[in-house]
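Asker: Before anything else, here's the structure in question.
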Amino acid sequence: MMRGMSRWQSNPRGRLAQAAMDLFAERGFDQTTVADIAARAGLTERTFFRHFADKREVLFHGGQYLEELMASGIAAAPPTAPPLAAVAAALTAATAMFEDRRPWSRIRQRIIDANPDLQEREVSKLARLATALTDGLRARGVPDLTARLAADAGIAVFRAAFERWVSDDAGDMPSLIDECFDEMVKVVEEGR
């Protein structure tokens, strides 16, 4: 080993996340401990807790960033954009987070799908995203009911596009969001 060189490469957060994902995929989420993750990454449990509150955070640590992307997308939409168009702009802005992450997202989704507690956490994350969209629309002067309906519709579109994106190679996230919005519009136009 060269003098002054670390035995390990930097990026402990990335190493911990990769170790956790590998172990979750190999053993299952419930059978993996923080000690296992730290050992696999060649780090201490204390280092793990400097980067993540608990092992669930490995799967959900990007939620705040996703909310921020959506909020900035709503704010950046043209002032005359109708509510759904503003939501579409927000979802498209959020797709920047998913570039080059399809393999990781597929593994993450399989882990979540296999664990009811993680599924509940995912639903909670989607609810927070809907609230962020609703708040962004309200800030644009959209009435409460319209804001909530547009935000919830947007999250339904986001969820459908994401499910397609992780399940096959149907296309990139922006294209899938556009397709899902188009499909939603058709459903609404058909009436009830």
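The values are calculated or read from the model by the stated rules, or taken from the named source; none is laboratory data. None of these values were measured; they are calculated from a predicted model. Here Cβ is always computed from backbone atoms with ideal geometry, including for glycine, and neighbour counts include all displayed protein chains.
Asker: Residues of the stretch 133-142 being part of a helix (DSSP H, G or I) and surrounded by fewer than 20 Cβ atoms within 10 Å (Cβ to Cβ), which ones? So that I can check it myself, show each step before the final result.
Answerer: Here is the first cut: in the stretch 133-142, the residues part of a helix (DSSP H, G or I) are 133-139.
Those that are part of a helix (DSSP H, G or I) and surrounded by fewer than 20 Cβ atoms within 10 Å (Cβ to Cβ): Asp135, Arg138, Ala139.
Asker: Can we say Ala151 is over 15 Å from the mean Cα position of the chain (by Cα) and touching a residue at least 40 places away in the same chain (Cβ under 8 Å)? I'd like the intermediate steps shown before the answer.
Answerer: Details: over 15 Å from the mean Cα position of the chain (by Cα): yes; touching a residue at least 40 places away in the same chain (Cβ under 8 Å): yes.
Against the criterion (over 15 Å from the mean Cα position of the chain (by Cα) and touching a residue at least 40 places away in the same chain (Cβ under 8 Å)), Ala151 qualifies.
Asker: Let me ask something additional. Does Leu91 count as surrounded by 17 or more Cβ atoms within 10 Å (Cβ to Cβ), in contact with a Phe, Trp or Tyr (Cβ under 7 Å, 6 or more places away or on another chain) and assigned by TED's automatic domain parsing to the domain that holds Arg138?
Answerer: Numbers: surrounded by 17 or more Cβ atoms within 10 Å (Cβ to Cβ): yes; in contact with a Phe, Trp or Tyr (Cβ under 7 Å, 6 or more places away or on another chain): yes; assigned by TED's automatic domain parsing to the domain that holds Arg138: yes.
Answer is yes for this residue.
Asker: Sticking with this one: Go through the stretch 14-35 residue by residue and tally those that are buried (at least 16 other Cβ atoms within 10 Å of the Cβ) and either in contact with a Lys or Arg (Cβ under 9 Å, 6 or more places away or on another chain) or in the same structural domain as Ser105 (by TED's automatic domain parsing) (or both).
Answerer: So the count comes out to 11.
Asker: Right, here's the next one. Under the condition of being among the charged types (D, E, K, R) and either within 11 Å of the chain's Cα centre (by Cα) or outside the structural domain of Phe162 (by TED's automatic domain parsing) (or both), which residue from the stretch 97-111 is surrounded by the fewest Cβ atoms within 10 Å (Cβ to Cβ)?
Answerer: Filtering the stretch 97-111 for residues among the charged types (D, E, K, R) gives 99-102, 106, 108, 110.
From the residues that got through so far, the ones that are either within 11 Å of the chain's Cα centre (by Cα) or outside the structural domain of Phe162 (by TED's automatic domain parsing) (or both) too are 101, 108.
Numbers: Arg101: 14, Arg108: 21.
Checked the stretch 97-111; the qualifying residue surrounded by the fewest Cβ atoms within 10 Å (Cβ to Cβ) is Arg101.
Asker: Still on this model: Please return the ranges of helices (runs of 4 or more DSSP H) entirely within the stretch 55-127 where 1 or more residues are closer than 15 Å to Met173 by Cα, in contact (Cβ under 8 Å) with a residue 60 or more places away in the chain and not charged (D, E, K, R).
Answerer: Values: elements: 56-60, 63-76, 83-94, 102-113.
In the stretch 55-127, 63-76, 83-94, 102-113 are the helices (runs of 4 or more DSSP H) which contain 1 or more residues that are closer than 15 Å to Met173 by Cα, in contact (Cβ under 8 Å) with a residue 60 or more places away in the chain and not charged (D, E, K, R).
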